[in-house]
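Q: Structure provided below as structure tokens; questions to follow.
Only the coordinates and a few stated rules stand behind these numbers; no lab work does. Note that this is a predicted model, so its numbers are computed, not measured. Heads up, the Cβs are rebuilt from the backbone with ideal geometry, glycines too, and the neighbour counts pull from every protein chain shown.
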Amino acid sequence: MFDPTTTPRIFCEPCGVDYAKGLVTGLMARAQHMPPEDFARVEIYVNTARMQRRIRAMFDDGPALLLPRIRLVTDLARDPISKDVPPAIAPLQRRLELSQLVAQLLQSEPDLAPRAALYDLSDSLASLMDEMQGEGVSPDAIAKLDVSDQSGHWARAQKFLTIIAQFFDTTTQPDTEARQRLVIETLAARWADAPPDHPVIVAGSTGSRGATALFMQAVAKLPQGAIVLPGYDTDLPDTVWSAMDDGLTHEGHPQYRFKRLMDLIGFGPADVARWSDLAPQRPARNRLVSLSLRPAPVTNQWLQEGPDLGCLIAATEGLTLLEAASPRAEAEAIALRLRQAVQDGITAALISPDRMLTRQVTAALDRWDIKPDDSAGTPLQLSPPGRFLRHVADLFGTQLTGEALLTLLKHPLCHSDNADRGDHLRMTHDLELDLRKYGPPFPTADTLLGWASTRADRQPWAQWVAELVTGLDTVGDKHLTDHLDAHLTLAESFCAGPALPGAGGLWDEAAGREAQRICTDLRTHAGAGGVMSPRDYAALFGKILSAGVVRDRDAGHPQILIWGTLEARVQGADLTILGGMNDGVWPEAPAPDPWLNRMMRAQAGLLLPERRVGLSAHDYQQAVAGREVWITRAKRSSDAETIPSRWLNRLTNLLGGLPDQNGPEALDRMQARGAAWLAMAAKLSAPGADVAKVKRPAPCPPVAARPNRFSVTQIKTLIRDPYAIYARKVLRLDPLDPLTPSADAPLRGVIIHGILEEFVRQNHAPDDLDALLAIATRHFTEKCPWPTHRAQWMARFALAADAFCKAEVGRHALSDTRLVEQEGKLLIPDVEVTLTCKADRIDLTPSGTAILYDYKTGTMPTKPQQEKFDKQLLLEVAMVERGGFEGVGPVQVDDAQFVSIKPDAKTVLAPISDNPTDTTMAELTALFEHWRRADSGYTARYALFSKKDVGSYDHLSRFGEWDSSDPAQPQVLT
């Protein structure tokens, strides 16, 4: 295939050439006179499986021939080259072993990182080991680093890194990267003595990793060896090539990896020949982009070489710059352009490292029932089996909450292997309503059995659930194998249903099969995991699951592709969209390295963080060279303004600085093309002109349908927010209780009211503080299952209890009979409305009068508020004096007051002298008569205390489309 030569055979495909197509074209041109059997012996090493498949697909298109051997460079790690090179250890087993070392580190150095970071640190350490082995850096090189001028953190990290030296011992089973390097070194030594007589070609790799670069050196020395570089910048002058001699300053340039290969293999820019005769699609744009990406020390060449670019309008033809106001607007505009590509019958590819953007575009495409072919697939942890398995793992070692239980029971995979799943969903619905209304916060098996005891049809189902959740909170430290067995057994039992074998639909479909593969792999290597807590197991399982990906190559639209930057290096499309072109995305921000800083990496010979910047720059330079290219970005993220990618900044600055070459006009045209699509996308998403905002509601239901029974506390709501009364009493819509009760102010108030009720009902001495605190301890223990909140509330109540007892002495002196939690009702005959009440406390004096007390754990109402809005205590006084409480009788009320249950024991008197019972009842009657009028509307948020107050029915009234300044719109209902 190749003529003899004394120099390495280095070929290239420039930016803008479909690399895979160029590779096959050049290969067929050179092999046209080769016998079929010789052509079948050609070995081609590529760097991605997607490129491997695409090359084979191109050969499949014809003509018929014997195919060359197309292999992955990474497959060398599994090559059975020699008995002297043992097989690689499983990566998962190595990570489990490392997690044990990291756990020991965190025990000895607890200030290094929180326990929750255990498996993140293990993964990071494993990645560092892979890099060290790939780059040929030994632990001795790390141990010799001078950290005397570094912080103590680096000294601790260096000390810990010496522990991993055991994994570099040649007598131990090597890691994948170590074996890859061993195989390459063995091949290089073998080829030096007996080189293969068939062509060996390395295609598509930049040699950015040490082991790959070593392999490329070995291939370059073969008599029939060749390297085909992707995305080579043929417009870069020799002066720039020669100036890129320092990795610390030039690593971020897109062509630096090729310069490093030149130095390693021993060739220069003049030795690089074209592999095929395919021409770049936009040569003028290539020159423009090449100039914009010159290394920082030589950007003065912009002024020198810029005038040679010619008219930049022609160079930017087919190039669109879309700068959206938000990520959502960016995604919608991209989706609209992709939809147009389908209609035009062209292939379009979205390339972006921003997975959030690609998911938003996928969601936007669903409007037209277009599912893109996403090379990254769906993260397994976000698939139904992944979510279900993570939910089950979180059950162990913690108290079961209603939310956690219902999350499992309502999952599509739960009870999925049973024909009566409808009954399962009905039971789950009934259980949810019961838990919302009655609790408890942490349901147990007894809770479930008690709920089902009143109905026979519920009992078998409740017994099944109760058996599954029993004992989960008591699970302690166990070996990884035992944790995994218990976890998967429980998950399969939930999925199968009552008294059924199997695992339901847990392991079905692509996502289930991938989850089962990962669980089987974990079970195989669980012996290296050691003993761990349930929380550590859940974190480990989630971390392992997050590495899984669910792919379905046949599900996506063949014309709409979403690629990562790695896949995009060797692919081609009619339309290329570079999405999320902001700094932090292009290039991605380097991941934090807890082990070595930048200078330590440079001293050890490891890869610098700028390496990824250079690779990302190379991806950009290749992708932007397509025939039609979009560059998109959002000017603002969800919380701050964004910064354009440095390469986009360079391009726009270069265009703006060349007015004689029409650079500013070319930039304006690029932006105008993007603005036109943004306008179309905005118009598509905007509501129609006939969609008007709702008016402030004030429904007027028929008088017969209006409520005729109110509690004294609901009068305040009737005055301040009549719409809430309408929704609750006319529409009969009760707010749904939270699924998981929380330690909030209402719960604290209920508990304290119960404490005081029992204390007064049992007729303890008013100053018996010990008895009051004993009652409080029991109530808080029974009704507040959150230890931290319970301790805080008990401490606060202890301060208030002392003040309460001191004030209670005075209250006792005024009465001889104390009634608590008395229920009363009073019919108002003129309007036929019943007023109800449950009074906190009514004290009867020796003279036959009454004193009313209402306990307040929150804010006390002022006198004006009581007179206009909060009439609770005034209405209770009227009910007592009108005989609304049986056993109390119509008696005169001497006093009524709110009592604050706080350390200050403050009291607020009800203004009964200014508001006698006759006046109060007359006002109440007038209020009810107003609501007996057919045109009286229940206005939403009529007189709330604050504009910031949140009502339970604000969503029903569509508050937000109107505000409190809008007039009410009465609507008579029939």
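Q: Whole-Å semi-axes of the stretch 788-870's equivalent ellipsoid, largest first, each the root of 5 times a Cα gyration tensor eigenvalue?
A: Calculated on Cα positions only, the semi-axes equal 29, 20, 13 Å.
Q: Can I ask one more? If the cut-off is a Cα-Cα distance under 20 Å, which lysines reach K635, setting aside same-chain residues fewer than 8 apart in sequence?
A: Those lysines meeting the cut-off are K683.
Q: In whole Hz, what ³J(HN,Hα) sequence does the stretch 125-138 give by Karplus (6.51, -1.76, 1.60; θ = phi - 60°), x for Gly and Pro?
A: Going residue by residue, I get 5, 5, 5, 5, 4, 4, 5, 4, 5, x, 8, x, 9, 8 Hz, with x marking Gly and Pro.
Q: While we're looking at this one, here's another question. How much net charge surrounds Q133 when only the other residues with a Cβ under 10 Å from the Cβ of Q133 are counted, with Lys and Arg +1 and Asp and Glu -1?
A: For residues surrounding Q133, the net value is -3.
Q: Each label point is 7 Å from the Cα along the Cα-to-Cβ direction; what then is the distance between the points at E929 and A270, in nm?
A: It is 11.0 nm.
Q: Could you grab the relative contact order for the chain? Cα pairs under 8 Å, six or more apart, rounded to a whole percent.
A: Computed value for the chain: 14 percent relative contact order.
Q: Quick one: E628, E13, fewest Cβ neighbours within 10 Å first, how do they rank?
A: E628, E13
Q: Once the other residues with Cβ under 10 Å from the Cβ of P890 are scored (Lys, Arg +1; Asp, Glu -1), what is the net sum?
A: 0
Q: Let me ask you something else. Could you grab the relative contact order for the stretch 181-332? Cα pairs under 8 Å, six or more apart, rounded to a whole percent.
A: 18 percent
Q: Sequence neighbours fewer than 8 away in the same chain don't count; with that in mind, list the lysines whose C-alpha is under 27 Å from K871.
A: Within reach: K716, K729, K825, K838, K856, K863, K902, K906, K947, K948.
Q: Taking the Cβ of D123 as the centre, find all other residues whose Cβ is under 10 Å away and add up their charges (Lys, Arg: +1; Asp, Glu: -1).
A: That sum, taken over residues with Cβ under 10 Å, equals +1.
Q: For the stretch 154-261, what does the alpha-carbon gyration tensor say about shape, rounded, prolate or oblate, given a ≥ b ≥ c as the root eigenvalues, a/c under 1.5 as rounded, and a/b over b/c as prolate?
A: oblate
Q: Could you list R601, R569 so that the one with the fewest beta carbons within 10 Å of its beta carbon is first and the one with the most is last?
A: Result, fewest neighbours first: R601, R569.
Q: Find which of L678, N708, P223 sits farthest along the positive direction of the dipole of the chain, computed with +1 on the beta-carbon of Lys and Arg, -1 on that of Asp and Glu, about the Cα centre.
A: Looking along the dipole axis, the top candidate is L678.
Q: Let me ask something else. Tell me which of A88, P36, P68 sits at the most positive position along the dipole axis of the stretch 1-146, charges placed on C-beta atoms (Lys, Arg +1; Asp, Glu -1).
A: P36
Q: Further question on the same structure: Treat the count of other C-beta atoms within 10 Å as a stand-in for reagent exposure and order C784, C311 from fewest to most.
A: Going from least to most buried by this count: C311, C784.
Q: Let me ask another. If contacts are Cα pairs under 8 angstrom and at least 6 residues apart, what is the relative contact order of the stretch 633-676 in percent?
A: After rounding, I find 19 percent.
Q: Right, here's the next one. Which one of L561, V183, L309 has its Cα pushed farthest toward the positive end of the charge dipole of the chain, where Lys and Arg give +1 and Asp and Glu give -1 at the Cβ?
A: Result: L309, furthest along the dipole toward the positive end.
Q: Quick check: the distance between the Cα centres of the stretch 377-420 and the stretch 175-210, to the nearest angstrom?
A: 46 Å
Q: Divide by every residue of the chain the summed helix terms, -39500 (n - 2.57) for each DSSP H run of at least 4, and state the resulting mean residue ellipticity at 222 nm, rounded to the nearest 500 deg cm²/dmol.
A: -13500 deg cm²/dmol
Q: About the Cα centre, and with charges only on the beta carbon of Lys, Arg (+1) and Asp, Glu (-1), how big is the dipole of the stretch 771-922? Nearest 20 debye, please.
A: With only Lys, Arg, Asp and Glu charged at Cβ, the dipole is about 780 debye.
Q: Continuing with the same structure: Counting only chymotrypsin sites (Phe, Trp or Tyr not before Pro) that are in a DSSP loop and have at most 14 other C-beta atoms within 10 Å, tell me the longest site-free stretch of the chain.
A: No qualifying site falls inside 3-944, the longest such stretch.
Q: Moving to a separate point now. Treat every Asp and Glu Cβ in the stretch 181-323 as -1 and every Lys and Arg Cβ as +1, leave all other atoms uncharged, and give the resulting dipole magnitude about the Cα centre to the nearest 20 debye.
A: 320 debye
Q: Counting Lys and Arg as +1 and Asp and Glu as -1, each charge on the Cβ, what is the dipole of the chain about the Cα centre in debye, to the nearest 20?
A: Dipole of the chain, to the nearest 20 debye: 1120 debye.
Q: Under 18 Å Cα to Cα from K783, which lysines show up? Leave out anything in the same chain fewer than 8 places away.
A: Output for K783: K437.
Q: Can I ask one more? Just checking my list (i) 52.4; (ii) 58.1; (iii) 36.4 against mean projected area of the Cα convex hull in nm² computed from this structure; which label fits?
A: Checked against the structure: label (i).
Q: For the stretch 13-27, take each phi angle, set θ = phi - 60°, evaluate the Karplus expression 6.51 cos²θ - 1.76 cosθ + 1.60, and give the result in whole Hz per residue in order, putting x for glycine and proline.
A: Once rounded to whole Hz, the list reads 10, x, 4, x, 9, 4, 4, 4, 5, x, 4, 5, 4, x, 5.
Q: How would the stretch 627-781 be classified by its alpha-carbon gyration tensor: rounded, prolate or oblate, with rounded meaning a/c under 1.5 and the a/b versus b/c comparison settling the rest?
A: Taking the square roots of the gyration eigenvalues as a ≥ b ≥ c, the stretch 627-781 is oblate.
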